[in-house]
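Colleague: So that we are looking at the same thing, I have put the structure below in structure tokens.
The values are calculated or read from the model by the stated rules, or taken from the named source; none is laboratory data. Everything numeric in this text was worked out from a predicted model, so none of it was measured. Please note: Cβ atoms are built from the backbone with ideal geometry, for glycine as well, and neighbour counts cover all protein chains shown. Note: accessible area is taken over every heavy atom of the protein model, side chains too, but ligands, DNA and RNA are not part of it. Shrake-Rupley method; radii C 1.70, N 1.55, O 1.52, S 1.80 Å.
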Amino acid sequence: MKKIVVIGGGTMGLDIAQVFARSGFDVVVRDISEEIIKNSEARLNKALDKQVSKGKLDEAGKQAITGRMTFTTDLNLAADADLVVEAAIENLDIKKQVFADLDKICKPETILASNTSSISITAIAAATQRPDKFIGMHFFNPATVMKLVEVIRGAKTSDETFKTVYELAKTIGKDPVEVNEAPGFVVNKILIPMINEACDLVYTGVASAEDIDKAMQLGANHPMGPLALGDLIGLDVCLAIMDTIYQESGDPKYRASLLLRKMVRAGFLGRKTGKGFHDYN
Ligand code: CAA
């Protein structure tokens, strides 16, 4: 593996791209508009400058990372990629369209991976003619820090594809786990319903957002409280995951909190909009 293309220059896509570039891969970050791409490049420079100012990276190291990264709106740069990791919006139709296009553009050996947080790998793979070379490669936010990658088999993922991606995750300094496709996979099936419960505790007036987060930090030793974590992940992403788990399981215990849905409708999505359960301005 030499060349990796990451689809999506948002929080996850950019951090995933940085992880690959730090491990010596040539990385292309592709998004749909020049404005988004410029913004991604600026965020990368800011993040690396912060590392330099902390003494965790020197100027030459920064140049080496940025020198391996290309930012583009042109999907055709994926033609000779060895691996494409998609980190676009959590919407099945959009993901299917992206992968149908990639399937036509990429060389036959290219492995196609999705960083989806809950959508069926088998369903996305069905948009391509290479479901054996399709897999889930699920990183965790912040992807530059979190060690886990869930490597998720769809119904037709080959053992060869699985082994390649599992080993690649180790090469980039991550600690992978093997997961068979199921709504929410492993972490989100447990984590997002917990965040949803915390939303309901606010909704029913049991405690304030601050006290719920404090309770889980001090009483369960979580590094951050569930509502602060929801704000970090993005409340829209949390809602999309709850809705997927609910729809796929049909189990009412996975019904999204009414407050979570209301906040998403209001545009209070967490850190990325400056307001969620906490304020970030
Ligand atoms: N983006 C990038 N880097 C970040 C960051 C962010 N949002 N927040 C913190 N960091 C980095 C810091 O720069 C620091 O890096 P260095 O060691 O290189 O300086 C490092 O993380 C530690 O940061 P801090 O010391 O400031 O803070 P901390 O010790 O409190 O750690 C945390 C911050 C890593 C975010 C920690 O609170 C934590 O682990 N929180 C839980 C995160 C979590 O559960 N993520 C999974 C979410 S679920 C998911 O992502 C899946 C999905 O599909 C939705």
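Colleague: Arrange the residues LYS38, LYS189 by how much accessible surface each exposes, largest first, with a 1.4 angstrom probe.
Modeller: Putting LYS38, LYS189 in descending order of accessible area: LYS38, LYS189.
Colleague: Here is a further query. Quick one: if the Förster radius is 22 Å, what FRET efficiency do LYS2 and ASP101 give, using the C-beta to C-beta distance and rounding to 0.05?
Modeller: 0.50
Colleague: Now for a different question. Report the accessible area of LEU191, computed with a 1.4 Å probe over the heavy atoms of all protein chains in place, in Å² rounded to the nearest 10.
Modeller: Only protein atoms counted, so the area is about 40 Å².
Colleague: Could you order THR157, THR164, THR204 so the one with the most accessible surface comes first? Probe is 1.4 Å.
Modeller: The residues order as THR204, THR164, THR157, largest area first.
Colleague: R0 = 22 Å: FRET efficiency of MET194 with ASN91, Cβ-based, nearest 0.05?
Modeller: 0.35
Colleague: Select from GLY136, GLY61, GLY173 the residue whose mean-square fluctuation is largest in a Gaussian network model of the chain (Cα-Cα springs shorter than 10 Å).
Modeller: GLY61
Colleague: Something else about it: So if R0 is 30 Å, what FRET efficiency would LYS214 and ALA182 give, r being the distance between their Cβ atoms, rounded to the nearest 0.05?
Modeller: Efficiency, from the Cβ-Cβ distance: 0.40.
Colleague: Okay, moving on. How large is the charge dipole for the chain, taken about the Cα centre, if only the Cβ atoms of Lys, Arg (+1) and Asp, Glu (-1) carry charge, to the nearest 20 debye?
Modeller: Around 300 debye, computed over the chain.
Colleague: Out of the total accessible area of the chain (probe 1.4 Å, heavy atoms of protein only), what percent is carbon and sulfur?
Modeller: Values: 6950 of 13380 Å².
Its accessible area is 52 percent carbon and sulfur atoms.
Colleague: Provide the per-residue ³J(HN,Hα) series for the range 50-63, in order, calculated from phi with Karplus coefficients 6.51, -1.76, 1.60 and θ = phi - 60°, each as a whole number of Hz, with x at glycine and proline positions.
Modeller: Karplus values, whole Hz, x for Gly and Pro: 4, 5, 5, 5, 7, x, 8, 8, 9, 4, 5, x, 4, 4.
Colleague: Quick one: ranking GLU35, GLU248 by accessible area, 1.4 Å probe, largest first, what do you get? Can you show the working numbers first?
Modeller: Working: GLU35 150, GLU248 120 Å².
Result of the area sort, largest leading: GLU35, GLU248.
Colleague: Right, here's the next one. Strictly over 19 Å apart at the Cα level, which of LYS133/LYS156; LYS104/LYS163; LYS3/LYS38; LYS2/LYS147; LYS189/LYS253; LYS133/LYS189 would you flag in this model?
Modeller: Long pairs (Cα-Cα over 19 Å): LYS104/LYS163; LYS3/LYS38; LYS2/LYS147; LYS133/LYS189.
Colleague: Using only Cα atoms and rounding to the nearest 10 degrees, what angle (0 to 90) does helix 159-171 make with the longest principal axis of the chain?
Modeller: That works out to roughly 80 degrees.
Colleague: Another question, then. Mind running the shape call on the range 1-63? Use the C-alpha gyration tensor, a ≥ b ≥ c as the square roots of the eigenvalues: rounded below 1.5 for a/c, prolate if a/b tops b/c, oblate otherwise.
Modeller: Here the range 1-63 falls in the oblate category.
Colleague: Then there's this: Compute the accessible area per residue over the chain, keeping the other protein chains in place, probe 1.4 Å, unit Å².
Modeller: 48 Å²
Colleague: For the chain, what does the helix formula give at 222 nm: sum of -39500 (n - 2.57) over DSSP H segments with n ≥ 4, over the residue count, nearest 500 deg cm²/dmol?
Modeller: -15000 deg cm²/dmol
Colleague: Does the chain classify as rounded, prolate or oblate by the C-alpha gyration tensor (a ≥ b ≥ c root eigenvalues; a/c under 1.5 gives rounded; else a/b over b/c gives prolate, otherwise oblate)?
Modeller: Verdict is oblate for the chain.
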